[in-house]
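Q: Take this structure first; my questions come after.
The values are calculated or read from the model by the stated rules, or taken from the named source; none is laboratory data. This structure is a prediction, so every number in the text was calculated from the model and none was measured. Here the Cβ positions follow ideal geometry from the backbone for every residue, glycine too, while neighbour counts run over all protein chains shown. Protein only, heavy atoms only, side chains kept; ligands, DNA and RNA dropped before computing areas. Shrake-Rupley method; radii C 1.70, N 1.55, O 1.52, S 1.80 Å.
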Amino acid sequence: MIYYQKMKNDKIILTALIVIFVSLRLLLVSSQRDAIYDANEFYPGTIAMELIQGPSLPFQNLCPDDHNFGSVVNGILMVPFFLLLGPSGAAAKIVPILFSLGVLVLWYLLLKRFFNRSVAILASLLFIFSPTIYTKCSVLSIGSHPESSLFMAAILFIAGLIFIDSKKKNIYFILLGLISGFGLFYSYLCSITILTLFIFWFAFDKEFIFNLKFYLFMIFALIGFSPRIYFESGVNLENGQIKFAAFFNQAVNLKEMSFAHIVFKAKDFLAKDLLRLFDFGHLPAYSGYLYYALFSVCFLYLLWANRYALLKLIIPLRAGEEKPVSGESIILFSPLVFFLGYILSSYTVWPGWQNSGYLVPLYPFIFAIVALGFQKFMHAKQWLIKGLFLAVLGAILLAGLYENIALISFKKIGQGFIYKGYSYRMLGEKIGASNFHYAKVVKQIKNIDFSKRKFFLQGVGWGIAHSHADKAMVARVEGFLTRFSFGREDRFHCFKGLGRGIAHQMALHLYHKANIDGLNIKMEPYLFVLQGIHEKDEETQKYFWEGFGQGYDFPGVDKRIGDYVDEAYKGYFYQGLGENFAAQNLEGTGLNFIAEWDSKRDIACAYLGYQERRFESLLSSNGYGD
């Protein structure tokens, strides 16, 4: 009877947590677009539309490179929500909400099983009332880093069942293999958790590679990873940037792994990258510092308390009859591996909440560590310590509650459902940029209706600007168009993409001008193209300069970029710039910035481009009601 009552209480508690979490996230996505928008979400949304309407290309060719398989999975999962609710941005975000809900439920079950209900509830509340970046990323559907937390949680949960609860039935190794393989297929970031899994396994069994259970795990891991084989056959393997080893080469770049690099990266990680994860955007900065301090104290205390168990994972000591690891050591060791991998890698986190993706999988560990550490300090004999930690934790939960409510625009409930959750512009650019050398795909693009084909060709121009930063860029575009016999209208859009790609690279160069050596981007080839583009016919130049405006992704960084535009074509440049502002969600600061640039004519052109792109983004403009 008591056991039944406990089970009933657990279900009530978990249900309540789920209802609160889902309610807050649904209110957020239905009332916001700009604050939680990222252009990369359009790619899985367009995959969903392709499946609904019929693929423009064979399905396997809709994946431009080996970093987008998770986006394809998200696109497939979006289909029922698009059919039920319409293909809106809010409908697309239901998929990441379900991913995030899965993370919340798995971590609740994991912490309750291996620790206790109090830790599970506290960590769940920290999940729900989270800092700004996690709240926004929990509704971000790009099929990559945020969603990979689900597979990481599942791997840790099953690993705990096997290694701590000693559940050795084949089904557990089968599930562990399937989830590990599919997680790696979905996102390479899961490789960190898989590495951690092997370290745990070795701690328990020094000869695990000779165990039949290991081979059972490996067989089903390959089965889980096998969808990659299907999609890989449609990826352009001639492009050196999209090879399987590229991720791991960047993750562990031996050429850059100097002592100075490690020290600099560690300093930046601890002082900036990790700190920003605790920020509450609508509150003073000290609220984030307070959260960071609480996490740091809990983490360091737990590291010290579990130092011997952690050493057994790091150093291959003989375990004897004692269990080599504890539940706490599993929670602590995983982020340690993550920290080390990030510090040694070439990956960096740029400003902007969308760019924190590499670090987002740390959040569940942060919440769990704070919950575990808080419970430890509540057992302290000193009332002052208990009171201090209670006050700090209470302040953080209140800050999280305030932040998550502040992000919701209650006066705009429903706005998220009026904008498109897909864009053939995004799909076309991704496919075209990756496959302009791939004759099989290009020939298929030729047969697509022009209303979609133009975006694929803009992607071709973009891809040439990014892949061949030399003075022959224009000749390469001409050669491509001649080789595949594209028509006059096709030509204009290819040059539009070239202009966009060149502007993006130049703006990137100016944005990082304090450290341009690391980018390996030089301005000379782009300036050469700009000086020579006037030799083209007038219509081609119009499209090129409009694309040039679309590609200026860092407004305000350096106004000199406008000086590169021929006076006769500045109107087209500003029109493209206005389109870019709408696409980049710079409605306020972007339009204010353009108002300071030039004449009223140019400002009017920017507003025209802005309005056209905004109109294009409305579902009502695409046959989906008012």
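Q: Taking region 129-162 as the region of interest, how many residues are part of a helix (DSSP H, G or I) and either touching a Leu at 6+ places or on another chain (Cβ under 7 Å) or free of Cβ contacts under 8 Å to residues at least 60 places away in the same chain (or both)?
A: Residues meeting the conditions: 17.
Q: Then there is this: Just to be sure I understand the filter: pairs with C-beta atoms under 6 Å, separated by 6 or more residues or on different chains, first member in region 609-626 and within 15 Å of Tyr424 (Cα to Cα) and among the small types (Gly, Ala, Ser), second member modelled with pLDDT of 80 or more and open to solvent by 70 Å² or more (accessible area, probe 1.4 Å). Which pairs pass?
A: Listed by first residue and then by second, the contacts come to nothing, as the list is empty.
Q: Take Leu104 and decide whether it is open to solvent by less than 30 Å² (accessible area, probe 1.4 Å), assigned to a helix (DSSP H, G or I) and within 15 Å of Ile330 (Cα to Cα).
A: For Leu104, the condition - open to solvent by less than 30 Å² (accessible area, probe 1.4 Å), assigned to a helix (DSSP H, G or I) and within 15 Å of Ile330 (Cα to Cα) - is not met.
Q: Does Ser166 qualify as being part of a loop (DSSP other than H, G, I, E, B) and modelled with pLDDT of 90 or more?
A: no
Q: Something else about it: Cβ-Cβ below 8 Å, separation at least six or inter-chain, first residue in region 525-536 and over 12 Å from Met506 (Cβ atoms) and open to solvent by 50 Å² or more (accessible area, probe 1.4 Å), second assigned to a helix (DSSP H, G or I) and not hydrophobic (A, V, I, L, M, F, W, C): which pairs?
A: Correct list of pairs: His534/Gln541.
Q: Continuing with the same structure: Tally up the residues in region 8-62 that are open to solvent by 10 Å² or more (accessible area, probe 1.4 Å), among the hydroxyl-bearing types (Ser, Thr, Tyr) and in a helix (DSSP H, G or I), please.
A: 3
Q: Identify all residues within region 136-169 that are acidic (Asp, Glu) and touching a Pro at 6+ places or on another chain (Cβ under 9 Å); write none if there are none.
A: Glu147 - this is the single residue of region 136-169 that is acidic (Asp, Glu) and touching a Pro at 6+ places or on another chain (Cβ under 9 Å).
Q: Next up: Among what's in region 463-492 and is in contact (Cβ under 8 Å) with a residue 40 or more places away in the chain and within 31 Å of the chain's Cα centre (by Cα), pick the residue that is nearest to Gly547 (Cα to Cα).
A: Restricting to residues being in contact (Cβ under 8 Å) with a residue 40 or more places away in the chain and within 31 Å of the chain's Cα centre (by Cα), the top hit is Ala465.
Q: A follow-up question, please. Which pairs do you get when a residue that is on the phi > 0 side of the Ramachandran plot, found in region 74-93, comes within reach of a residue that is open to solvent by 10 Å² or more (accessible area, probe 1.4 Å) and not in a helix (DSSP H, G or I), reach meaning Cβ atoms under 9 angstrom, with the pair 6+ apart or on two chains?
A: Hits for this filter: Gly86/Tyr624; Gly86/Gly625.
Q: Filtering region 493-506 down to residues that are open to solvent by 10 Å² or more (accessible area, probe 1.4 Å) and either within 25 Å of the chain's Cα centre (by Cα) or among the small types (Gly, Ala, Ser) (or both), which residue is nearest to Gly578 (Cα to Cα)?
A: Checking each candidate, the answer is Arg500.
Q: Residue by residue through region 223-255, note down the ones that are at pLDDT 60 or above, in a helix (DSSP H, G or I) and surrounded by 15 or more Cβ atoms within 10 Å (Cβ to Cβ).
A: Gly224, Phe225, Pro227, Arg228, Phe231, Glu232
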